[in-house]
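**Q** Quick one: the structure is below, and I'll ask about it shortly.
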Amino acid sequence: MVPPLSTPPPNPQQIQKFLSSVLSQRGPSSLPYTEDTKWLIRQHLLSITSHYPSLEPKTATFTHNDGRSVNLLQADGTIPMLFQGVTYNIPIIIWLMESYPRHPPVVYVNPTRDMIIRRSHPCVTPSGLVSIPYLQNWIYPSSNLVDLVVNLSSAFSRDPPLYSQRRPNPNPNPNPNPSPNPSMNSSMTSSYGQPPPPPRVDAAAGYPPSPYGRVQIPHPPQPPTSHMDDAAEVYKRNAVNKLVEMVHGDIIGMRKAREVEMEGLFSAQAVLRRREEEINKGLKEMQDKKEGLEHQLQVVLMNTDVLDGWVRDNEGKTKNLGKNNDVVYSLDKAVQEGAVPFDQYLRNMRMLSREQFFHRAIATKVRAAQMQAQIASMAARAPHYVT
């Protein structure tokens, strides 16, 4: 365990600039987080650095067991732990995996060379992997990194995961006036005076084999900590930070506008599909009507042929009507001249009248049938002319 140190907190503006830069990258070097969660990831990291300045956001390469290497965000540093009335700092690394924040992060205890992970710890495996109920019961989007650190500190305070070991120095300092550098007692007593600074954490030697793969931690350049920056540099940083925030806001506005536009296009597409279905349905009904009208036309044409044949067969009978008129005229003339008796004249006139009546009635029925056939044919052709 590392005793508390009085290190200056990181510059919040530099952290905001760093997060905005890495989360806005595109192309092969972009981080593997979804676009709709990058803003929440940024807020989580800004919140945890605000509450715990000892944790610093970084990017590092994480290698999975299947050999895949991916560049991920992490929060690297120490968290406070209160044990027997003394506050100690536990070095940890919080990895934000590809599915974060919908799934919990992966937390490792990061012991230094002078630390050892306690065996049979209920929350920490020998490889340093941390498992606590808060990680197991992670709920999106209410769970966050600040509450995670609070639960980690509480769990470590009940059962510390690390203890120090005393190692001999193989290369003693030949300086005749060495500064005192007492080592921490493994029993974690609070009898020492001013605590020494912790040894530098070596990422290659500080990790036992991990079930989550090898972890390669680069050493990115640290943000400047000088408090003597001139006004021009401060103004430049503020202007760049403001521009980044404005660009990010514009990107969000453009994304929302594109989403509204896409929703409008999807609605128009749905209307067009519905109209297409209606047009296809109307076209099918018209085709069915056309087939029905063609069938009716065939029937009318067949009936017309039948009537034409009947007319041809009875054409001679209609011509006899004129001959009957000639016979009546001849009988009238014969009666006047006294050549035909009057009773015979009446019998012949009655017979001719009956025959002429039947022929005229038949002719009238034929003309009515022909007229009806013509009307039906015109009615069948009328919709075709209208369309």
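**Q** Skipping prolines and chain starts, which residues have an amide H placed within reach, meaning under 5 Å, of the one on LEU162, given they are 5 or more residues away or on another chain?
**A** Those lying under 5 Å, H to H, from LEU162 are ARG118.
**Q** Length gain on complete extension for the stretch TRP39 to THR304, per 0.36 nm per residue less the alpha carbon to alpha carbon distance?
**A** Working: separation 265, 0.36 × 265 = 95.40 nm, distance 8.28 nm.
In short, 87.1 nm is gained.
**Q** Inverting the mean 1/r over all pairs of different Cα atoms, compute the Kirkwood radius of the range 19-140 and quote it in Å.
**A** On the way: mean 1/r = 0.0632 Å⁻¹.
When all Cα pairs of the range 19-140 are included, the Kirkwood radius is 15.8 Å.
**Q** Going through the cross-link list LYS58/LYS256; LYS333/LYS365; LYS290/LYS365; LYS17/LYS256, which pairs have a Cα-Cα distance over 27 Å in this structure?
**A** Numbers: LYS58/LYS256 30 Å; LYS333/LYS365 33 Å; LYS290/LYS365 31 Å; LYS17/LYS256 24 Å.
As for pairs spanning more than 27 Å Cα to Cα, those are LYS58/LYS256; LYS333/LYS365; LYS290/LYS365.
**Q** Carbon and sulfur together cover what percent of the accessible area of the range 77-157 at a 1.4 Å probe radius?
**A** On the way: 1810 of 3220 Å².
Accessible surface attributable to carbon and sulfur in the range 77-157 totals 56 percent.
**Q** If you take the square roots of the eigenvalues of the alpha-carbon gyration tensor of the range 34-97 and sort them as a ≥ b ≥ c, do you get rounded (a/c under 1.5), prolate (a/b over b/c) or oblate? Could you put the intermediate results ahead of the total?
**A** Details: a/c = 3.33, a/b = 1.56, b/c = 2.14.
Oblate, because a/c is 1.5 or more while a/b does not exceed b/c.
**Q** Next question, about the same structure. Given labels modelled 7 Å from the Cα in the Cβ direction, how far is it in nm from GLU277 to PHE83?
**A** Calculated label separation equals 6.8 nm.
**Q** Hey, can you grab everything whose amide H is under 5 Å from the amide H of LEU55? Only 5+ residues off in sequence or another chain; H modelled, so Pro and N-termini drop out.
**A** Under 5 Å from the amide H of LEU55: THR78.
**Q** Pop out the ³J(HN,Hα) list for the range 302-313 in order, Karplus 6.51 cos²θ - 1.76 cosθ + 1.60 with θ = phi - 60°, rounded to Hz; leave Gly and Pro as x.
**A** Result, ordered by residue: 5, 5, 5, 4, 5, 5, 4, x, 5, 5, 4, 5 Hz.
**Q** Tell me which residues come under 5 Å, amide H to amide H, from ARG113 once H is placed; ignore anything under 5 positions away on its chain.
**A** ASP202
**Q** Whole-Hz Karplus ³J(HN,Hα) for the range 237-251, in order, using 6.51 cos²θ - 1.76 cosθ + 1.60 and θ = phi - 60°, x for Gly and Pro?
**A** Calculated HN-Hα couplings, in order: 5, 5, 5, 5, 4, 5, 4, 4, 5, 5, 5, 5, x, 5, 5 Hz.
**Q** With the other protein chains left in place, how much accessible area per residue, in square angstrom, belongs to the range 239-304 at a 1.4 angstrom probe?
**A** Details: 5710 Å² over 66 residues.
On a per-residue basis, the range 239-304 sits at 87 Å².
The values are calculated or read from the model by the stated rules, or taken from the named source; none is laboratory data. Fair warning: this is a prediction, and the values are worked out from it, not measured in the lab. Reconstructed Cβ throughout: ideal geometry from the backbone, glycine too, with neighbour counts over all protein chains shown. SASA here: full protein model, heavy atoms, side chains in, ligands and nucleic acids out. Shrake-Rupley method; radii C 1.70, N 1.55, O 1.52, S 1.80 Å.
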